[in-house]
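The values are calculated or read from the model by the stated rules, or taken from the named source; none is laboratory data. This one's a predicted model, so the numbers in the text were calculated from it and none came from an experiment. FYI the Cβ positions are ideal-geometry reconstructions off the backbone, even for glycines, and counts take in every protein chain you see.
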Amino acid sequence: MKFTSLPTSVEYGKTGIFRGHFSFSNSKLTEYRWPICEIRGKQDGPKLCVSAGVHVNEVAAIEAAVRLQKLFDPNHLTGVVSIVPLINQPALYRYNEYVCPLDQKNINFSFPGDPNGSFSEALCDAIMNEWTASAECYVDMHGGDLRENVSKFAIYQRTNDASLEEKARQMALCFDSELVVGLPVDHMAKPGRPPTAFASQGRLALMSEAGANGLVDEDSIQFHVDGVLNVARTLGMLDSKVTAFNRARIVCSDYLWIESPIDGEFLPEVEPGDRVEERQRLGKMRDLFGQDLTDIVAPRAGHVLWRMTHPSIPKGSPVLAIAVEERKA
Ligand SMILES: [Zn+2]
């Protein structure tokens with residue numbers, strides 16, 4: 001990685017606050033530069049990497065990444081916090097939903113990536129093997145693209161490595177979530193989200209989700225900010241105490257996408273965070289004459305993670321997602 005600093009910044013790698021830009025070494029990525037704030041504490045310790053803006057309309061997460069830059073003091077920090085507030089640089093000022101406009105791929109589902117692949121694949125590879133290479137933990141913040149409303153939740157990856165899974169779960173519980181989703185172990189067989197790709201290399205990554213419809217709201221910003229600070233506290237990087245938890249933090253063990261079987265207009269009957277029973281109607285699909293076409297029904301009992309807010313849903317696209325509660329041993 002090559003760094004250029006802002007005039008007010010310390011030199012890269014020195015104790016203090018670095019502010020500037022970097023480029024990755026992969027030639028597929030050299031056209032772009034990423035903003036970065038890296039706070040290096042007086043005491044050596046772990047590195048925590050934090051990002052937002054993989055989805056550029058998930059603005060509460062991006063604002064959280066901006067605020068976090070001012071919440072770490074090098075004099076009271078053990079280790080390094082590295083913050084990249086907007087990963088999907090090609091989508092900046094273009095407002096693309098979900099994808100990188102250069103290859104139309106969803107970066108969030110392109111991990112672990114490929115140095116010889118498309119832009120998004122090369123970027124995921126560079127995130128894993130350059131920027132976060134020495135990180136103890138990577139947190140990628142999300143939530144609320146232009147047509148969706150998400151509950152407040154955190155995602156970690158379950159693995160057959162018991163100590164990694166326990167640590168990942170502990171870090172996911174640092175967020176004051178309604179739901180804490182441990183992705184099933186079989187996700188490890190296919191590439192996708194950062195928690196999965198990192199776990200398959202014995203490393204730790206989390207996602208936090210909060211926000212709606214491209215709106216900057218204080219509750220969602222605070223959710224992300226407090227969660228990341230609690231992760232840093234739990235890693236022993238800060239002396240301050242973990243904040244109090246007010247939400248239920250219901251631990252879930254599966255993530256189900258519920259798709260519409262037809263083109264139509266979705267009329268939801270549930271909201272993010274709601275508990276639903278197996279076979280419960282979640283909403284109806286109607287046509288533009290107001291005629292009911294079909295019911296959307298819960299395949300299993302669980303909790304609504306998020307729902308689409310724009311009614312128009314094409315066949316095969318999700319209307320919402322459900323997290324299935326973990327069975328207590
Ligand atoms: Zn997202």
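Observations on the structure shown:
Conditions tested, residue by residue: (1) assigned by TED's automatic domain parsing to the domain that holds residue 60; (2) over 25 Å from residue 127 (Cα atoms).
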site	(1), (2)
192	yes, no
196	yes, no
199	yes, no
204	yes, no
208	yes, no
215	yes, yes
246	no, yes
259	no, yes
272	no, yes
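- So residue 59, is it closer than 26 Å to residue 219 by Cβ, of a type outside the set (Lys, Arg) and either within 16 Å of the ligand (Cβ to nearest atom) or out of contact with any Leu (no Cβ under 9 Å at 6 or more places or on another chain) (or both): yes
- Looking only at residues in the range 184-210 that are touching an Asp or Glu at 6+ places or on another chain (Cβ under 8 Å) and more than 15 Å from the ligand (Cβ to nearest atom), the one that is nearest to residue 64 (Cα to Cα) is 204.
- Single condition residue 143 does not satisfy, out of (1) at pLDDT 95 or above; (2) buried (at least 23 other Cβ atoms within 10 Å of the Cβ); (3) of a type outside the set (Val, Ile, Thr): (1)
- Hey, residue 266 surrounded by 16 or more Cβ atoms within 10 Å (Cβ to Cβ) and aromatic (Phe, Trp, Tyr) or not: yes
- Scanning the range 285-329 for residues that are at pLDDT below 95 and loosely packed, with under 11 Cβ neighbours inside 10 Å turns up 327, 328, 329.
- Applying the set (1) closer than 17 Å to residue 46 by Cα; (2) out of contact with any helix residue (DSSP H, G or I) (no Cβ under 8 Å at 6 or more places or on another chain); (3) outside any loop (DSSP other than H, G, I, E, B); (4) of a type in the set (A, V, I, L, M) to residue 133 leaves exactly one unmet item: (3).
- Every residue from the range 117-166 that is aliphatic (A, V, I, L, M), within 16 Å of the ligand (Cβ to nearest atom), touching a Lys or Arg at 6+ places or on another chain (Cβ under 9 Å) and within 28 Å of residue 38 (Cα to Cα): 123, 154, 155
- Residue 42 within 18 Å of residue 127 (Cα to Cα) and in contact with a Ser or Thr (Cβ under 9 Å, 6 or more places away or on another chain): no
- The residues of the range 105-116 that are within 16 Å of the ligand (Cβ to nearest atom) and either part of a loop (DSSP other than H, G, I, E, B) or not hydrophobic (A, V, I, L, M, F, W, C) (or both), listed by number, are 105, 106, 108, 110.
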